[in-house]
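So the structure is just underneath, and the comments pick up after that.
The values are calculated or read from the model by the stated rules, or taken from the named source; none is laboratory data. Quick caveat: nothing in here was measured; it's all calculated off a predicted structure. In this analysis, Cβ positions are derived from the backbone assuming ideal geometry, glycine residues included, and neighbour counts consider all displayed protein chains. Protein only, heavy atoms only, side chains kept; ligands, DNA and RNA dropped before computing areas. Shrake-Rupley method; radii C 1.70, N 1.55, O 1.52, S 1.80 Å.
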Amino acid sequence: NAILKGLLVDLGERKKHALFDTETLRWVTAYDGFVAWGGTPWTGSHGGLVRVDAKKPMFAAATAVGWADAAGKFDDPRSNPGHGNLSSAHGRFLGYYMHGDTVCVSSEIHGARVLETLASSGDSLHRHLAIAARPKELLMLIADEKDGWEVDAKNFQAKSAAGLSIAVGKIMAPAQLKADGSRLYLSIPAGKETLTFQVAHARGAAAKIGAAVDFTTLTSGGKPRYPDVLETAGTLGKKATDSAWVVDQIAIPKDNPWKANMRICAFDFLSDDALAITTWNGDVWKVSGIAKDMSKIEWRRIASGMFEPLGLKVVDGVIHVLGRDGITKLIDQNGDGETDFYQTFNRDVIITRNFHEFAFDLHTDKEGNFYFCKGSPVRGGGRGFDKILPNNGIVAKVSKDGGKFEVIATGLRAPGGMCVGPEGQITTGENEGSWQPCCKLNYAMPSQFPVFFGTEPSRQEICKDRPFTEPLCYFPMDVDNSGGSQVWVPEGVNFGLNPGELIHLSYGKSTLYRVLPEKKGDVTQGGVVAIPARLSSSAMRARFHKDGSLFVAGFRGWQTNAANEMGLQRVRYLKGETSLIPSSLKTTPKGLTIGFDVELEAEVAEDLTSYNVERWNYVRGSQYGSGHFSVDAPDAEAEKQALVKEMHGYRKHDKVEVIAAKLSVDKKSVTLELRGMKPSMTLKVGYELETVDGDVLSSTIHSTVKQAP
């Protein structure tokens, strides 16, 4: 009886709890106890999620649906039983209100708005409801007890053979309390007036009606739950001799009154001087004072209880949070700075109980549509997958109003992050594993949608006949062993790169990479080179401030070389400084041309020993990752073996001879002629050059050549 999108309600001091299923709109159980921790964010475990720890259950409703369908049936009507929402005509979850520690759930059932909240008093649990105008009769499931019911219809009371007592208060005929086998339900007649009543439950005692609640108060905001404001400060970075960029550090509070883990995993700007951030364990914070010298940073916890919120986007001042369960809008109703209404924006994404099925990132296009990407249900240990459902391994597009959900890409394994480009193109990261030979940067234009990115088990029906879309660039493990997001350089900022350029983030290597793309007809290929900005933690999410600086957030959760468990950083380009990294990469019939923003010293640039070039291919199959295979002398038998067993230790690189190196007239690019220029999944070019002013240029480009001219 797994509840995949559950809302756990505290009924008092963490001693009593109730669980609401936001997909089937039913109260699943109420019990004495808290939770048994599980899941990667909480315990680090690769398997399992948080479970209820029901030591003394008052009730447990095994039935799939909390309100009957149009035919009066309570059976699960969903196309994937156990997964997904009910039809919008049947019922939908609208969100929930917070009033202090009281949760008020908002739903719509057959066109009628329903508010409900739970309260505990003595032996009884009180389910309070307010049901607005009802165009038709509603049937509400109250409880499900396998041994059946004894019903006192006249007094609206019932008792199960197992000792569960039910009493319905302040409701009159033609409402009816009925039993059908194991199910006890209440029929609520159609009507224009708002109907307010309560249902009391008690196990082993007589259920007693409790005091009424004021739904107007519960849905109007309450006193702040998190009034404390924490203070830290920023530290301005110092210039390094080999970099035109400097990294400022924003100190994250070492402690807080709620003992909340502060691993930042998504953020966006609320204003020029404030961020909204999410943490992996489910909080949202407002961070103020981020502009200029950052001498005083204020942290205010404004929301909590989100489901692994790995994406956040601010639209018209409203925070939209992507969790594994969908997109939620955070509404402050009374202006006290804290979230009072967690409003459903879109919860159409179908999820499973798999621990690794994260939903990553949140972005919008020029029209205001939202995008996020979602991993496949990777098994513990990383090899293979659990049962695949229609929304596993996808890029999703959600309309501006939240009303439409569609899939535009499939075949992802564990993307880590994504972005939307100025022309509507989508990019995603990807992690090495089954059907993914190594990490890579996916890239697709809208004209290509829907696209298939390579993981065959998550090739959804929409891409049944689509070819595999090769990435813009493959990354060997020493370049990127766990991808993050991407970010595009916007117009009007000065970051040392050109507007419209793409930056790829490596979570695993805590590195920012300048992407050097090349269009060859309908094919986009290219490479990456590291931006020399030393980060204090991983590079997971990044967004540009209007002043041209790049804010970067990351944490240490799985495979990463991050120096610190968490980090929030500002990367600034030092105006007047010269970027010493390549600015372009183009293939030629005989090799490639590397462009720079500086003039190169001719003798060193045309010295063949200034370069070291290698290339190799990978094998894509159901095995975990891939070895490196020769392009020039293919080993067919080894490649065949690589499809049935892991061959990570197999490394056959081709040394590529540089025949000639020619400096351009403006001295800002060098053309290399290679012996036998040909397509390769990785072309690695190391270089040791000098500028005319004596600065040293030393780095490595990793590129993918899909088409050689």
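From ARG556, ARG543, which residue is in contact with a Phe, Trp or Tyr (Cβ under 6 Å, 6 or more places away or on another chain) and open to solvent by 10 Å² or more (accessible area, probe 1.4 Å)?
ARG543
State which residue pairs qualify: first residue under 22 Å from GLY289 (Cβ atoms) and inside region 555-575, second residue open to solvent by 40 Å² or more (accessible area, probe 1.4 Å) and in a strand (DSSP E or B) in any location, beta carbons under 7 Å apart, and separation of 6 or more residues or different chains.
Close Cβ pairs satisfying both conditions: PHE555/MET566; GLN569/GLN249.
Restricting to region 595-638, give me the number of residues that are among the β-branched types (Val, Ile, Thr) and farther than 19 Å from TYR474 by Cβ.
Total satisfying the criteria: 3.
So which of VAL658, VAL696 is among the β-branched types (Val, Ile, Thr) and open to solvent by 70 Å² or more (accessible area, probe 1.4 Å)?
Step by step, each of VAL658, VAL696 is checked, and only VAL696 is among the β-branched types (Val, Ile, Thr) and open to solvent by 70 Å² or more (accessible area, probe 1.4 Å).
Of all residues in region 177-217 being among the charged types (D, E, K, R) and without any contact (Cβ under 8 Å) to a residue 12 or more places away in the chain, which is nearest to HIS99 (Cα to Cα)?
ASP214
Return yes when SER79 is under 25 Å from PHE341 (Cα atoms), open to solvent by 40 Å² or more (accessible area, probe 1.4 Å), under 27 Å from the mean Cα position of the chain (by Cα) and free of Cβ contacts under 8 Å to residues at least 24 places away in the same chain and no when it is not.
Numbers: under 25 Å from PHE341 (Cα atoms): no; open to solvent by 40 Å² or more (accessible area, probe 1.4 Å): yes; under 27 Å from the mean Cα position of the chain (by Cα): yes; free of Cβ contacts under 8 Å to residues at least 24 places away in the same chain: yes.
It is false that SER79 is under 25 Å from PHE341 (Cα atoms), open to solvent by 40 Å² or more (accessible area, probe 1.4 Å), under 27 Å from the mean Cα position of the chain (by Cα) and free of Cβ contacts under 8 Å to residues at least 24 places away in the same chain.
Filter region 253-299 for residues that are under 17 Å from ALA542 (Cα atoms), open to solvent by 10 Å² or more (accessible area, probe 1.4 Å) and part of a loop (DSSP other than H, G, I, E, B) and give the result.
Of everything in region 253-299, those that are under 17 Å from ALA542 (Cα atoms), open to solvent by 10 Å² or more (accessible area, probe 1.4 Å) and part of a loop (DSSP other than H, G, I, E, B) turn out to be ARG263, ASP272, ASP273, ALA291.
I'd like the residue in region 226-252 that is open to solvent by 80 Å² or more (accessible area, probe 1.4 Å) and polar (S, T, N, Q) and, out of all such residues, is modelled with the highest pLDDT.
Checking each candidate, the answer is THR235.
Let me spell it out: the conditions are (1) more than 25 Å from the chain's Cα centre (by Cα); (2) open to solvent by 10 Å² or more (accessible area, probe 1.4 Å); (3) farther than 26 Å from GLN569 by Cβ, and GLN525 meets all of them except one. Which number is the exception?
(2)
Select from region 21-64 the residues that are of a type in the set (Lys, Arg) and in contact (Cβ under 8 Å) with a residue 24 or more places away in the chain and write down the one among them that is surrounded by the fewest Cβ atoms within 10 Å (Cβ to Cβ). Write out each step before concluding.
At the first step, the residues of region 21-64 found to be of a type in the set (Lys, Arg) are 26, 51, 55-56.
Add one more test, that the residue is in contact (Cβ under 8 Å) with a residue 24 or more places away in the chain, and what stays is 26, 55-56.
On the way: ARG26: 23, LYS55: 9, LYS56: 11.
Applying the filter and picking the extreme gives LYS55.
Of everything in region 433-472, what is open to solvent by 20 Å² or more (accessible area, probe 1.4 Å) and either within 25 Å of TYR650 (Cα to Cα) or outside any loop (DSSP other than H, G, I, E, B) (or both)? Give them in sequence order.
Of everything in region 433-472, those that are open to solvent by 20 Å² or more (accessible area, probe 1.4 Å) and either within 25 Å of TYR650 (Cα to Cα) or outside any loop (DSSP other than H, G, I, E, B) (or both) turn out to be TRP435, TYR443, PRO446, SER447, GLN448, GLU456, PRO457, GLU461, ILE462, PHE468, GLU470.
Take LYS509 and tell me if it is more than 26 Å from VAL378 (Cβ to Cβ), open to solvent by 20 Å² or more (accessible area, probe 1.4 Å) and either basic (Lys, Arg) or within 24 Å of the chain's Cα centre (by Cα) (or both).
The answer is no for LYS509.
Can you tell me which residue within region 302-361, out of those that are polar (S, T, N, Q) and in a strand (DSSP E or B), is nearest to the chain's Cα centre (by Cα)?
THR328
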